[in-house]
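Values quoted throughout were computed directly from the atomic coordinates according to the rules given, and no laboratory measurement underlies them. All values derive from a computational prediction rather than experimental measurement. When we count neighbours, we look across all protein chains shown, and the Cβ atoms used for this are built from the backbone with ideal geometry, even at glycine.
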Amino acid sequence: MTQSGIIFNTQRFSLHDGPGTRTVLFLKGCPLDCLWCSNPESKNPDMELMYYRSKCILCGQCVKSCEGLGISITEDGVLFDRNIVDIRKCAKACPTGALEIVGQKKSVDEIIPVLLRDVPYFRRSGGGVTLSGGEPTMQAAFCRELLLRLKALGIHSAVETCGHRTWEPFHRAVEAANLILFDLKHINPEKHSSAVGVDNEVIIYNFMKLVPEKKIIVRLPVIPGYNATDEHFRAAAALVLNSGFKGEVHLLPYHSYGSGKYKALQQVYQMEDTEPPTEKQLKAWAYLFESEGLVTKIH
Ligand code: SF4
């Protein structure tokens, strides 16, 4: 019996999540709660319901299927209580796809054939498979088994991580990966907590421990109002250089592409008025790393 994981998306032909052409598996569940997250459907570790008002014809089939328990039609569309409603029944009853369940339980045996379809693209481009999320190491046993299978098949693998997991399960989860895409959101512990809900002690500990062992790309989100300051990037450069890190650094400028999904989850997107950082700022912060000999890219 192989391990199973909850996956909410499989994205083929990605060019931004590691080298070459990649297939990215997005795993559900994250210990952080970043305000700018472009995949808010990744945070909850369980399957959940998304509602798209633009696809809803107010036919009432979903209400009927659940006998009105925790679900009703209002002027603004369908309103449901996520703690009461039977999400499978609702989504199944909807004729238009306005109600969609995100997250599917899949075993490693079920996923491997899906990934094997893209092997010719991986070979031609130097690509492979990336586990993303959410936080893949939340599903450590599944992650480990999948990475070991990819290794045995000679397929390059990468894991995108926020690093917030105690060392042993974290290390077990990522040990077999060829590459780690390690996010560092803030170097100051209090500021880290203020927008993501946890401090960064475990994250920095894991990063320092992993640097001598694994090939890593450091990824720094650039979020105006949170970390887009000279002070933050100087501290990030100092930490990265002190760790002995010699790999690439990628700056990931803020964008609001995921904002529509908050509505579908009946949540409020709190960064509506945030503008992305300017090119001039990004280049100045990239230079802090480039001037120390680190290859630095702006996504
Ligand atoms: S079944 Fe679908 S289309 Fe009909 S009211 Fe419910 S969500 Fe809207």
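Summary table
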| item | result |
| --- | --- |
| Positive-end extreme of charge dipole, the stretch 48-102 - chosen from 52, 63, 95 (charges on Cβ) | 95 |
| Modelled label reach - residue 57, point 7 Å along Cα→Cβ, the stretch 83-99 residues with backbone N closer than 15 Å | 93-99 |
| Backbone HN-Hα couplings from phi across the stretch 252-262 [Karplus 6.51/-1.76/1.60, Hz, Gly and Pro as x] | 10, x, 4, 9, 10, 4, x, 4, x, 5, 4 |
| Among beta bridges that DSSP assigns inside the chain, antiparallel share in %, nearest 5 | 40 percent |
| Mean Cα-pair separation over length for the stretch 48-102, i.e. relative contact order, pairs under 8 Å, 6 or more apart, % | 50 percent |
| Where GluC sites (Glu not before Pro) fall in DSSP loop in the stretch 175-282, at most 12 other Cβ within 10 Å | 213, 272 |
| Over the chain, relative contact order from alpha-carbon pairs under 8 Å, at least 6 apart, % | 19 percent |
| Choice from 114, 159, 129 with maximal GNM fluctuation in the chain (Cα, 10 Å cutoff) | 114 |
| Cα-centre dipole for the chain with unit charges at Cβ (Lys and Arg positive, Asp and Glu negative), debye to 20 | 1060 debye |
| Solvent-free Debye scattering, log10 I(q)/I(0), computed from the Cα coordinates of the stretch 83-183 at q = 0.10, 0.21, 0.25 Å⁻¹ | -0.37, -1.02, -1.26 |
| Reachable aspartates and glutamates, given that their alpha-carbon falls under 14 Å from the alpha-carbon of residue 191 and they are not under 8 places away in the same chain | 33, 199, 201, 231 |
| Summed side-chain charge close to residue 224 - residues other than residue 224 whose Cβ falls under 12 Å, Lys, Arg +1, Asp, Glu -1 | -2 |
| Candidate lysines - alpha carbon under 19 Å from residue 215, same-chain residues fewer than 8 apart omitted | 151, 246, 297 |
| Cα centroid separation, the stretch 61-109 to the stretch 183-247 (Å) | 39 Å |
| Spin-label pair residue 35/residue 151, simplified geometry with 7 Å Cα→Cβ offset, distance in nm | 4.0 nm |
| Net lengthening on full extension, residue 100/residue 14 (0.36 nm per residue, minus Cα-Cα) | 28.6 nm |
| Local electrostatic count, residue 69, Cβ distance below 12 Å [Lys/Arg +1, Asp/Glu -1] | -1 |
| Under 27 Å from the Cα of residue 92 - lysines, other chains or at least 8 residues apart | 28, 43, 55, 64, 105, 106, 261, 263 |
| Under 9 Å, Cβ to Cβ, from residue 251 - net charge with Lys/Arg +1 and Asp/Glu -1 | +2 |
| Extension gain (nm, one decimal) between residue 275 and residue 230, 0.36 nm per residue minus Cα-Cα | 14.5 nm |
| Calculated [θ] (222 nm, deg cm²/dmol) that DSSP helices of n ≥ 4 give over the chain, each run adding -39,500 (n - 2.57) | -9000 deg cm²/dmol |
| Folded to 0 to 90 degrees: helix 230-242 orientation relative to the chain principal axis, Cα | 60 degrees |
| Sorted by Cβ density within 10 Å, fewest first, the residues 155, 73 | 73, 155 |
